[in-house]
Ligand code: HEM
């Protein structure tokens, strides 16, 4: 890559203007069926100017990695959404910040999410998972998108983050609205902004010491502030960082896993024959059906990317869903194949802002699959509805019947 370093106004002639497209990735139809449009955009170029929303889509895997690793040029500090209102509302949060601020917050926030700490909560998750799996597989049918997928993420937010039932009922609603509110200024985004604001107010005014569980992850943020590790005003937003990105993402990933295994019973058989493939299976689910389809960055300076000139101040959109199906990286990318072992997928992002909760998400999904593998021989989808959300992909409803081992 040839970077023209330096300030605005440097010679941009080394690059050419990126190709343009009239594709709108945020219509209901596009959100429900994005993959043909993604393929079309990947063919047009690794960087494509989407005129409708005036954003440069990063469509291919290698280019997306390069952008994600270069936070100095592709900044998160002016927000990672597609509209100014939400970007301003969330500026300075963990996800919407650059180093050094970002590293200060991340160091504290990720403590309970590190692998050695997660080992400690494994028995608790397994016990909770077993409770829900036992109940559900005894039923004639259940909703995998809600009954099965929500239990562990909600338990984590209420019992481990320590928010109790406080806000829990609304948390799911708020969290999904938080993702919608990151979209371009369409009707869906406008409708979500009010709810996203409610979530911010809850964190600012109600999720405070004395109300939240003193032993939870949220309270530990206030302790860190008290010890001088963080400015105290960062804590409310960091509580949102524990709650908002940890719900729908993992919930949708779990639902997509069940859906993919129902569509591909041979892959379920393979996993049952060799349960050690479970980690690869989870990665393959997230590669195929990335729960978060995109985030954005803002260019801090003029820059040439893959030979295309991009001006300072432009917004680029990291299309994770497209990069994960880039045929240059993954042969036959539309095929769900758990032996593919795509541990380098970008569903969790990569670089400075790579998902802080990826180990927790993997552990939650693995806990459920580990419990289902020995007992369920088939999933059959009876009815389903996909969520329509500006950033998220997955099912809002997935009614399934399961064939239980030894029960006819
Ligand atoms: C399958 C589930 C999940 C997916 C697909 C996912 C995806 C992502 C992605 C793509 C990013 C990158 C953001 C960027 O580059 O701007 C991210 C960041 C983040 N995620 Fe996740 N996530 C998941 C689960 C979780 C969980 C369980 C938590 C729990 C706390 C979490 C917390 C975070 C946080 C705090 C960040 C911001 C990290 C930073 O800015 O340094 N995520 N996630």
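Just so it is clear, none of the values below were taken in a lab; they were calculated from the coordinates. Treat the numbers as computed from the prediction; the structure is a model and nothing was measured. Using ideal geometry, Cβ is built from the backbone for each residue, glycine included, and neighbour counts are taken over all protein chains shown.
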TODO: Based on other C-beta atoms within 10 Å, arrange 341, 329 from fewest to most.
DONE: 341, 329
TODO: Express the C-alpha Rg of the chain as a ratio against the empirical globular expectation 2.2 N^0.38 Å, rounded to two decimals.
DONE: 0.98
Open item on the list: Please compute the modelled spin-label separation between residue 54 and residue 213, points set 7 Å along Cα→Cβ, answer in nm with one decimal.
Closed with: 4.6
- [ ] Any chance you could run the full-extension gain for residue 135 through residue 201? It's 0.36 nm times the residue separation minus the Cα-Cα distance, nm to one decimal.
- [x] 20.2 nm
Open item on the list: Run the simple label-point estimate for residue 43 and residue 29 please: 7 Å along Cα→C-beta, distance reported in nm.
Closed with: 1.8
- [ ] Within 10 Å of each residue's Cβ, count the other Cβ atoms and sort 133, 80 from fewest upward.
- [x] 133, 80
Task: Per-residue Cβ neighbour rank within 10 angstrom, fewest leading, 199, 317 - done: 199, 317
- [ ] With r as the distance between the Cβ atoms of residue 266 and residue 403 and R0 = 25 Å, compute the FRET efficiency 1/(1 + (r/R0)^6) and round to 0.05.
- [x] 0.95
Open item on the list: For the pair residue 375/residue 16, report the inter-label distance in nm, with labels modelled 7 Å from Cα in the Cβ direction.
Closed with: 5.9
- [ ] With r as the distance between the Cβ atoms of residue 165 and residue 121 and R0 = 30 Å, compute the FRET efficiency 1/(1 + (r/R0)^6) and round to 0.05.
- [x] 0.95
TODO: May I ask you to give the average projected area over all directions of the convex hull of the Cα atoms of the range 21-130, in nm² rounded to one decimal?
DONE: 10.3
